[in-house]
Amino acid sequence: MIDAIRPQPGILDIALYEGGKSHVAGMTNALKLSSNENPFGPSERAKEVFLRSVHQLHRYPGTDHASLRQAIAEVHGLDAGRVICGVGSDEIITFLCQAYAGPGDEVLFTEHGFLMYRISALAVGATPVEVAERERTTDVDALLAGCSPRTKLVFIANPNNPTGTMISQAEIARLAAGLPPQAILVLDGAYAEYVQGYDGGLGIVEARSNVFMTRTFSKIYGLGGLRIGWGYGPKAIVDVLNRIRGPFNLSTTQLEVAEAAVRDQEFVTRCRAENARWRVWLAEALAEIGVPSDTSTANFILARFADSEEAELCDLFLQSQGLIVRRVASYKLPNCLRITIGDEASCRRVAHAVAQFKGLR
């Protein structure tokens, strides 16, 4: 009888998502540099609001997220009526697939793109289509060539995770203009705040009816543990997504803390500057000992080794030194390790440990 109970097609094809490793056996104080978390945590304003929120835990949150949407709109110069909030940007990605893709449809993304694109496509019975990158960078021509009459969604992260590379606004605009009429381009801007002067593609979203962007509070805002994200796009798409969004998908605590965080742009500016400083330092320090990386625009670097064996051995050595980084074989990059940019002490520890490893080889 149990054999008659089956999940929807595509679900059993999903490989479980594995987040960055958090612990090393036998160590209690290992330094986690595997999940691209802000080493400075959330801002003081956000922490103060979090502590006060304990007095409202018995109250249901508002269902329209009006105050947070207005804060996001004011900070970024948006129309609050076209902002939607979710449990991380992951939930917005899920909404898009639920609303616009299904059996017989295709969802495109690049070969080293965020794993949730494939997972969310399979979860709704759509066909995931992986398109080649060029030197670990999004290839617009390859994406356009990969489109078909069945293409409904095209996801690109800009900057991309786990490569750290990004493409220009002109290339994004060319991609949007070349898509088939039934397709939506989704710009995943999880790391957009780390790029000075980059609006996450807002200008292109405003100019077109087929472009949508997602953002998160998990990275530069240091709120990964609270799971808050948002999206922005054409009113027609936002209206559709709100029809499938749970009315209480975000708690009062999430809403209030995120509002305090987005209004503290001085904190964001400081974090961006520190990240840029130590990202350059770490990339140069590793390159000097034979470990190159592409120019990263995010809060991590993708360190490249001679082969998968060397990458795995380096990872094991780093763990022995109390340093946790991210293997990215699941992203088709078996010879690489993704290393989150920490504070000064963290970056110096990583550089020293990798140098020790190379000296032992």
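Bear in mind these aren't lab numbers, they're just calculated from the coordinates by the rules spelled out. Computed from a predicted model, the values in this text were never measured in an experiment. Neighbour counts run over all protein chains shown; Cβ positions are idealised from the backbone, glycine included.
Over the chain, what portion of Cα pair distances is larger than 27 Å, expressed as a whole percent?
Taking all Cα-Cα pairs of the chain, the fraction more than 27 Å apart is 49 percent.
Could you run the Debye sum over the Cα atoms of segment 251-361, one equal point scatterer each and no solvent, and tell me log10 of I(q)/I(0) at q = 0.13, 0.21 Å⁻¹, two decimals?
Once normalised to I(0) and log-transformed, intensities are -0.55, -1.06.
With +1 assigned to the C-beta of every Lys and Arg and -1 to the C-beta of every Asp and Glu, and no other charges, what is the dipole magnitude of segment 212-332 about the Cα centre in debye, to the nearest 20?
640
If each of D141 and S168 carries a label point 7 Å out from its Cα toward its Cβ, how far apart are those two points in nm?
My value for the distance between the label points is 1.5 nm.
Go ahead and run the numbers for FRET between E44 and A345, Cβ-Cβ distance against an R0 of 25 Å, rounding to 0.05.
0.75
Just going by the charge dipole of segment 139-268, with Lys and Arg at +1 and Asp and Glu at -1 on Cβ, which of G178, G164, S148 is farthest out on the positive end?
S148
Lysine pairs in the chain with alpha-carbon atoms under 26 Å apart, 8 or more places apart or on different chains: how many are there?
14
If you scale each eigenvalue of the Cα gyration tensor by 5 and take the root, what three semi-axes come out for segment 166-293, rounded to whole angstrom and sorted largest first? Working shown, then result.
Working: eigenvalues 168, 108, 30 Å².
That gives 29, 23, 12 Å for the three semi-axes.
Return the distance in nm (one decimal) between the two label points of a simple spin-label model at E266 and D79, each offset 7 Å from Cα along Cα→Cβ.
Output for this residue pair reads 3.4 nm.
Using a Förster radius of 45 Å, what is the FRET efficiency between T63 and K358 based on their Cβ-Cβ separation? Nearest 0.05, please. If you can, show how the numbers build up before the last one.
Working: r = 55 Å, r/R0 = 1.22.
Efficiency at R0 = 45 Å is approximately 0.25.
About the Cα centre, and with charges only on the beta carbon of Lys, Arg (+1) and Asp, Glu (-1), how big is the dipole of segment 281-347? Nearest 20 debye, please.
300
Dipole size in debye (nearest 20) for segment 44-264 around its Cα centre, Lys and Arg Cβ +1, Asp and Glu Cβ -1?
Working: 20 positive and 24 negative charges, 101 e Å.
Computed about the Cα centre, the dipole is about 480 debye.
All other residues with a Cβ under 15 Å from the Cβ of N210 taken together, and with Lys, Arg as +1 and Asp, Glu as -1, what is their net charge? Provide the component values of the computation, followed by the final result.
Working: positive: R82, K152, R174, R208, K235; negative: E206.
Around N210, the surrounding residues sum to +4.
So, in nm, how far is label A329 from label K235 when the simple model puts each one 7 Å beyond its Cα toward the Cβ?
So the two model labels end up 5.1 nm from each other.
In deg cm²/dmol, rounded to 500, what helix-only [θ] at 222 nm does the chain give when every DSSP H run of at least 4 residues adds -39500 (n - 2.57) and the total is split over its residues? Intermediate results must be reported in sequence, preceding the final value.
Values: 12 runs with 141 residues, N = 361.
Only helices count here, giving -12000 deg cm²/dmol.
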